[in-house]
Amino acid sequence: MPTWDEIRRYVRKHYHPIAETETSLTLQCVFPDGARQTVLVSHLTHRSGGPFVEVASAVGDTRSLAAADALAYNDRVSTGTLVLVGELICLRQLLKLEDLRLGDLDHALTYVASEATRLRRVSRRPPVSPELFWYLAS
């Protein structure tokens, strides 16, 4: 079982965080098409069944993704879940520290960053049709 300090050193060496606290590291993932996704890696010690490493990334807010859609998504996926954090909907994966291998962390980071980017694209609401506002001009 790696320690949180070992995990932090590993993430610093392989991913170059843009911000860091005692219990978290923030990464900026850049994709070949220019898309960017921020991912937070956190050490959770006060969670039932823990400690855990949480890998999480924002997908949207409560206006861009309906609760029923998020629950249906959670039912379909085998890893990671959508969770509500304040007004944000985040894709998150918990990795139990006692079972963690550093390769698991690489997989979780890749999955969360790419899937959160994909979900942001497909859940974004299109602009409102101009016809909706025609009554204002009359």
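The values are calculated or read from the model by the stated rules, or taken from the named source; none is laboratory data. All values reported here derive from a predicted model rather than from experimental measurement. Every residue, glycine as well, gets a Cβ built from its backbone with ideal geometry; the counts of neighbours run over all protein chains shown.
Checking each residue in the range 58-78 for being hydrophobic (A, V, I, L, M, F, W, C) and either closer than 19 Å to Val39 by Cβ or assigned to a helix (DSSP H, G or I) (or both) picks out Ala58, Val59, Leu65, Ala67, Ala68, Ala70, Leu71, Ala72, Val77.
Arg36 meets the stated requirement of being basic (Lys, Arg) and in contact with a helix residue (DSSP H, G or I) (Cβ under 9 Å, 6 or more places away or on another chain).
Cβ-Cβ distances below 8 Å connect the following pairs, each with a first residue in the range 3-30 that is assigned to a strand (DSSP E or B), a second residue that is surrounded by 11 or more Cβ atoms within 10 Å (Cβ to Cβ) and acidic (Asp, Glu), and a separation of six or more residues or different chains: Thr26/Glu20.
Residues of the range 83-123 that are basic (Lys, Arg), touching a Ser or Thr at 6+ places or on another chain (Cβ under 9 Å) and outside any strand (DSSP E or B): Arg120 alone. Given the criteria closer than 22 Å to Thr79 by Cα, surrounded by 12 or more Cβ atoms within 10 Å (Cβ to Cβ) and in contact with a Leu (Cβ under 8 Å, 6 or more places away or on another chain), does Tyr10 qualify? Spelling it out, it is not the case that Tyr10 is closer than 22 Å to Thr79 by Cα, surrounded by 12 or more Cβ atoms within 10 Å (Cβ to Cβ) and in contact with a Leu (Cβ under 8 Å, 6 or more places away or on another chain). When Gly50 is tested against the conditions (1) of a type in the set (Gly, Ala, Ser); (2) more than 25 Å from Arg120 (Cα to Cα); (3) free of Cβ contacts under 8 Å to residues at least 40 places away in the same chain; (4) surrounded by 14 or more Cβ atoms within 10 Å (Cβ to Cβ), the lone failure is (3).
Apart from one condition, Val85 fits all of (1) at pLDDT 90 or above; (2) closer than 24 Å to Glu6 by Cα; (3) loosely packed, with under 13 Cβ neighbours inside 10 Å; the exception is (2).
Residue-wise test of (1) under 25 Å from Arg121 (Cα atoms); (2) in contact with a strand residue (DSSP E or B) (Cβ under 6 Å, 6 or more places away or on another chain).
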{"residue": "Tyr10", "(1), (2)": "no, no"}
{"residue": "Thr26", "(1), (2)": "yes, yes"}
{"residue": "Ala35", "(1), (2)": "yes, no"}
{"residue": "Gly86", "(1), (2)": "yes, no"}
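Can you tell me which residue in the range 64-84 is nearest to Glu54 (Cα to Cα), limited to those that are small (Gly, Ala, Ser) and in contact with a Leu (Cβ under 7 Å, 6 or more places away or on another chain)? The extreme case among them is Gly80. Of all residues in the range 63-91, those that are free of Cβ contacts under 8 Å to residues at least 40 places away in the same chain and under 13 Å from Val112 (Cβ atoms) have Cβ atoms under 7 Å from Cβ atoms of residues that are assigned to a strand (DSSP E or B) and basic (Lys, Arg), 6 or more apart or on another chain, in Gly80/Arg92; Thr81/Arg92; Val83/Arg92.
Of Arg124, Arg101, all but one fail to be more than 22 Å from Thr26 (Cβ to Cβ), touching a strand residue (DSSP E or B) at 6+ places or on another chain (Cβ under 8 Å) and either surrounded by fewer than 18 Cβ atoms within 10 Å (Cβ to Cβ) or modelled with pLDDT under 90 (or both); the exception is Arg124.
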